[in-house]
Structure formats: structure tokens, C-alpha cells
1. Within the range A:9-18, is there a residue that is within 10 Å of chain B (Cβ to nearest Cβ) and in contact with a helix residue (DSSP H, G or I) (Cβ under 9 Å, 6 or more places away or on another chain)?
2. Can you tell me which residue is modelled with the highest pLDDT among those in the range B:13-26 that are in a loop (DSSP other than H, G, I, E, B) and either surrounded by 13 or more Cβ atoms within 10 Å (Cβ to Cβ) or touching a strand residue (DSSP E or B) at 6+ places or on another chain (Cβ under 9 Å) (or both)?
3. So for the range A:144-164 (the condition being part of a helix (DSSP H, G or I), in contact with a helix residue (DSSP H, G or I) (Cβ under 8 Å, 6 or more places away or on another chain), at the interface with chain B (Cβ under 9 Å from one of its Cβ atoms) and under 15 Å from residue B:14 (Cβ atoms)), does at least one residue qualify?
4. Which of (1) crowded, with 18+ Cβ neighbours inside 10 Å; (2) not in a helix (DSSP H, G or I) does residue A:48 not meet, given it meets every other one?
5. Checking residue A:31 against (1) in a helix (DSSP H, G or I); (2) surrounded by fewer than 19 Cβ atoms within 10 Å (Cβ to Cβ); (3) more than 9 Å from chain B (Cβ to nearest Cβ), which test does it fail?
6. Given the conditions (1) at pLDDT 85 or above; (2) surrounded by 13 or more Cβ atoms within 10 Å (Cβ to Cβ); (3) more than 7 Å from chain A (Cβ to nearest Cβ), report the number of the one that residue B:33 does not fulfil.
7. Check the range A:64-76 and report whether any residue there is within 14 Å of chain B (Cβ to nearest Cβ) and either in contact with a strand residue (DSSP E or B) (Cβ under 9 Å, 6 or more places away or on another chain) or modelled with pLDDT of 90 or more (or both).
């Protein structure tokens, strides 16, 4: 006989319509779900809306949840599906808006060199991630940020494990190329400094 | 300089993601919105309602208040009897008003 998962009693209370149980599950899982959605959508307000919708669906579909396993993969699955829905609807519009905002944003204040370098690397990685499709970005976020296995990601995204593996491979190659390009761009500046 | 070997690349991606997102938290309003959508009222709303009904009960102790309210109010002398009304409550808590009106 399998052991009851620690989420089990909360899920059972949830299945009886206990809103406080939902509150406890929300406190437990809100941060990883929100962080993942934010990494995929890059929009705080939208990420909060998706988080909200995710937990409402948990409450409304409590009867379908297996109380013997962790709620986490189920939550990720709902949240990622909502991200896909969002992506297919408004992605193009958001890209246009994002570009406009970036053009209008003021130039950040000067930082010490090390901080600037660090920020630049971060920015390069994020820019490369942004230019990936939502499918590829989702796999990268779930793997690198949340540390999930290929099998878990396959369940969450509803795709075969082989697809997850190939998406991850493609994304890594893409990021590798983007980072190499950045280094090449920096080389002339370095050369200039030493002449 | 980063060589972009497999391990370095993995480390860099992991670092960039966690660096930017490690402190993010959803705003506290999200739970209120969830509650509102599921029950039609928030915990704060429920709290205010509970507080209000408690105060009302304190303000109107069931038997005592009813008995007290049936007595005529002094300043309302031109009527022999005043039905429970806001005037009773004002009179009960504002002694100065009662004296002022009585004189």
C-alpha cells in the first residue's frame, strides 16, 4: 500500500469544498508556480492572473486530483497550459508592446564594472530566452529554474519525453550561439582597450 | 571568459534564471482575488461583517436593550412613549445632549 503524500489531507479537505485548505496549498506552492509563470511570460501582472486562475481551477477541479501524489506537477501543468493559451492569443501584441517599452525606457545608471558585466550576461541570457518560442522557453525554465526531470516536464507539457529532450537540446544550442555572439561582439572592445 | 562547454552553459543559464527570479513573490492581493471569485467576498470583507455584527450585538444586548428601549425618553416629553429608535441610542450615549434638551 502506497503512503499518503503530505498534500493528501489538504487535497481531501479541498475535495470537500474547504477553502482554507486551498489557502494552505496556495501558501505552499504560490512562489514556485508564480516564478515559473513569470519566467515564461515575463509579465508580472499576467503571471499573477495566471497564478490566480491556476488555483481557482485547482479548487473547481479538486475531485479530479489524486490525493496520493504531490500536487506540484498538476499545478505546473495547469499553469503551463494557461501560459500556452496566453501565448497563442496575445504573443504578437505583447512583442510589439515590449519593443516599444524597451525603446522608451531610460538608459540605466552606470554601475561598477563587475556589476555591469554581470547584468550584461544576465541580459544576454534573458534576451536569448525571450527569442525562443514559448514551447522551448517553458522547457528551459522548468529544467533549469525548477530543476525538473525530463519525465516530469513531459507530464507537465503533455508531450513525449523525446520531444522535451529535443526542445531542450535546441534551446541549449540556441543559447550557446547567442552567448558566443555576445563574446565576439565584445572582442573588438577588448582589443581597443589594449592598443 | 566563459568557454561555453556543456557544464558552463548549464551553470550560466541556471545562474541567470535564478539570479533574476529568486526573490520574486506574487503580491498579497492575489489570494484576496481568488477568495473573492470563489466565495463572492474576501476574508477582509468577512472580517468586517463579523466585526460589525459583533458590535451590533454589543450595542443591542438582547434582553436589556429591548427593556430599556421601551421606556419613554425624557426629552421627548410631548410624546408619552417612544418606540425603539435612534433617539434612544443617542440619548443613552450622549448625556450632555439629554441635559441640554431637558433644560
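The values are calculated or read from the model by the stated rules, or taken from the named source; none is laboratory data. Quick caveat: nothing in here was measured; it's all calculated off a predicted structure. Positions of Cβ are backbone-derived with ideal geometry, glycine not excepted, and every protein chain shown enters the neighbour counts.
1. Just the residues of the range A:9-18 that are within 10 Å of chain B (Cβ to nearest Cβ), to begin with: A:17.
Now drop any that are not in contact with a helix residue (DSSP H, G or I) (Cβ under 9 Å, 6 or more places away or on another chain), which leaves A:17.
So far as the range A:9-18 goes, yes, one or more of its residues are within 10 Å of chain B (Cβ to nearest Cβ) and in contact with a helix residue (DSSP H, G or I) (Cβ under 9 Å, 6 or more places away or on another chain).
2. Within the range B:13-26, the subset in a loop (DSSP other than H, G, I, E, B) is B:22-26.
Restricting the remaining residues to those that are either surrounded by 13 or more Cβ atoms within 10 Å (Cβ to Cβ) or touching a strand residue (DSSP E or B) at 6+ places or on another chain (Cβ under 9 Å) (or both) gives B:24, B:26.
Working: B:24: 90, B:26: 93.
Applying the filter and picking the extreme gives B:26.
3. First pass over the range A:144-164, keeping only residues part of a helix (DSSP H, G or I): A:144-145, A:150-157, A:161-164.
Filter once more, keeping what is in contact with a helix residue (DSSP H, G or I) (Cβ under 8 Å, 6 or more places away or on another chain): A:144-145, A:150-157, A:161, A:163-164.
Checking which are at the interface with chain B (Cβ under 9 Å from one of its Cβ atoms) leaves us with A:144-145.
Still in the list and also under 15 Å from residue B:14 (Cβ atoms): A:144-145.
Yes: one or more hits.
4. Every listed condition holds for residue A:48 apart from (2).
5. The failed condition is (3).
6. Going through the list (1) at pLDDT 85 or above; (2) surrounded by 13 or more Cβ atoms within 10 Å (Cβ to Cβ); (3) more than 7 Å from chain A (Cβ to nearest Cβ), residue B:33 breaks only (3).
7. Here is the first cut: in the range A:64-76, the ones within 14 Å of chain B (Cβ to nearest Cβ) are A:75.
When the remaining residues are screened for being either in contact with a strand residue (DSSP E or B) (Cβ under 9 Å, 6 or more places away or on another chain) or modelled with pLDDT of 90 or more (or both), the result is A:75.
Within the range A:64-76 (the criterion being within 14 Å of chain B (Cβ to nearest Cβ) and either in contact with a strand residue (DSSP E or B) (Cβ under 9 Å, 6 or more places away or on another chain) or modelled with pLDDT of 90 or more (or both)), the answer is yes, since at least one residue qualifies.
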